[in-house]
Amino acid sequence: MQQIDDIAAEVRRGARIGDAEAARLWREAPLWLLGELATERKRRVSGDKVYFNRNFHIEPTNRCVFNCRFCSYRRPAGSPEAWDYTMEEIEQIARGRQGKGITEVHIVGGVHPDHGLEYYIDMIRRVKAILPEAAVKAFTAIELSYMIRKAGLSVEEGLRRLKEAGMAAIPGGGAEIFDQEIRSRICPDKGSTDEWLEVHETAHRLGIPTNATILYGHVEGLEHRIDHLRRLRELQDRTGGFNAFIPLKYRNFGNPMSEIGEVSVIEDLRMLAMSRIYLDNVPHIKAYWVMYGKATTELALAFGADDIDGTIDDTTKIYSMAGADDRRPSMSVEEMHRIVRAAGCRAVERDTFYNELPDR
Ligand code: V47
């Protein structure tokens with residue numbers, strides 16, 4: 001059996017590691033070594049740079065036809081805490097962000113039973129009319145699959161229509177855990193792994209870049225995480241369309257799985273580092289600061305992450321409702337620079353497509 005040192009040497013050589021090697025590193029390598037290996041790999045892709053963007057979210061509704069057990073965000077019809085913004089309210093949110101140099105609008109929400117493809121096409125058009133210079137990164141593969149199927153279109157035709165309306169990229173949500181047994185325990189009625197992968201593969205074919213996520217730290221084992229990463233790496237080998245991978249830590253407040261504890265920061269850092277080491281073909285690993293909090297995000301930069309997401313401007317509730325420390329998440333560009341500098345790296349503003357933007 002290979003020793004940890006041999007596997008580490010392979011990683012240093014830039015070789016691709018297999019599943020058994022990944023499992024050994026994940027279980028047995030000391031944390032410092034994972035940090036070192038992930039940082040070496042990160043530096044080959046982005047040097048000392050760490051990316052951020054100026055973005056905000058629109059979460060049009062928290063009604064959802066699906067009932068994921070990890071979700072703290074969904075509310076049933078009739079609940080006083082349920083919302084379903086009108087188009088005018090959505091336009092007002094977008095108008096409130098004019099003149100702030102925003103380069104990306106991230107739109108995701110629940111899968112509302114009453115809305116269809118035309119409604120979402122209209123939403124994208126209206127947001128683009130108000131913020132023409134911003135890229136719309138919209139809808140998880142699960143939302144997309146639902147609205148496109150409801151319209152009776154193929155995934156390709158549906159995505160084509162959304163792209164024409166102004167959808168420039170697709171976020172990584174909805175992936176959760178690809179393994180069917182675990183998926184059926186945490187989100188039994190949700191759109192399937194195959195649907196998620198089909199939407200992303202088709203998007204890549206149409207020239208729409210996407211992100212990918214994993215929801216970790218609940219009832220899954222290491223083998224399920226590695227299986228998830230393997231499926232992403234295989235898809236990326238075929239298409240090259242993933243920009244970033246975002247490990248999402250399960251937060252346990254206010255959902256039907258609350259009895260499960262949250263994993264430690266050490267576990268978060270191992271997850272980030274192994275993502276960087278295993279996913280040798282995905283250029284960016286994002287430490288989503290809203291979920292990790294600012295201190296862990298700074299640490300994440302020594303474990304392979306080269307992206308911390310954006311300014312947010314207090315526009316997402318998914319994580320605050322699940323127990324994240326920051327109740328009203330918002331980060332100034334100055335603070336982004338401070339966190340990145342403290343980690344010994346250089347903050348660089350990017351757009352949705354990872355084009356670097358000059359300091360401003
Ligand atoms: O798919 C929901 C996750 C995701 C919980 O692409 C939870 O740039 C932890 O995908 N604990 C949506 N996670 C968010 C998402 C995302 C976020 C930031 C950037 C990007 C990107 C994508 O949030 C869901 C689900 O996996 N989630 N509930 C929870 N209790």
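Per-structure values
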quantity	calculated
GNM top mover of Phe242, Phe139, Phe66 - the chain, alpha-carbon springs below 10 Å	Phe66
Neighbourhood net charge (13 Å Cβ-Cβ; Lys/Arg +1, Asp/Glu -1) for Glu262	-2
Along each principal axis, Cα extent of region 30-124, largest first, Å	51, 39, 24
Relative contact order [Cα under 8 Å, 6+ residues apart], the chain, whole percent	23
Highest-MSF residue in the chain out of Pro132, Pro209, Pro80 [GNM, Cα springs under 10 Å]	Pro80
Relative contact order (%) - region 138-181, alpha-carbon pairs under 8 angstrom, separation at least six	58
GNM flexibility winner over the chain from Arg27, Arg63, Arg74 (Cα, springs under 10 Å)	Arg27
Cα shape, region 74-194, gyration tensor, a/c 1.5 rule	prolate
Surface accessible to a 1.4 Å probe, per residue, for the residues of region 268-360, Å²	35
Inter-site label distance for Glu157 and Glu259 at 7 Å from Cα along Cβ, in nm	4.7
Rg and Dmax [Cα atoms of the chain; Å; Rg one decimal, Dmax integer]	19.5, 62
Equivalent ellipsoid, region 259-346 (semi-axes from 5 times Cα gyration tensor eigenvalues, Å)	20, 18, 12
With every protein chain in place, the chain: carbon and sulfur % of accessible area (1.4 Å)	50
Mean ellipticity per residue at 222 nm, deg cm²/dmol - from DSSP H runs of n ≥ 4 across the chain, formula -39500 (n - 2.57)	-13000 deg cm²/dmol
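The values are calculated or read from the model by the stated rules, or taken from the named source; none is laboratory data. Nothing here was measured: the structure is a model prediction, and the numbers come from that model. All Cβ positions, even for glycine, are placed from backbone atoms using ideal geometry, and neighbour counts span all protein chains on display. The protein model used for the area step is the full one, side chains on, heavy atoms only, and it has no ligands, DNA or RNA in it. Shrake-Rupley method; radii C 1.70, N 1.55, O 1.52, S 1.80 Å.
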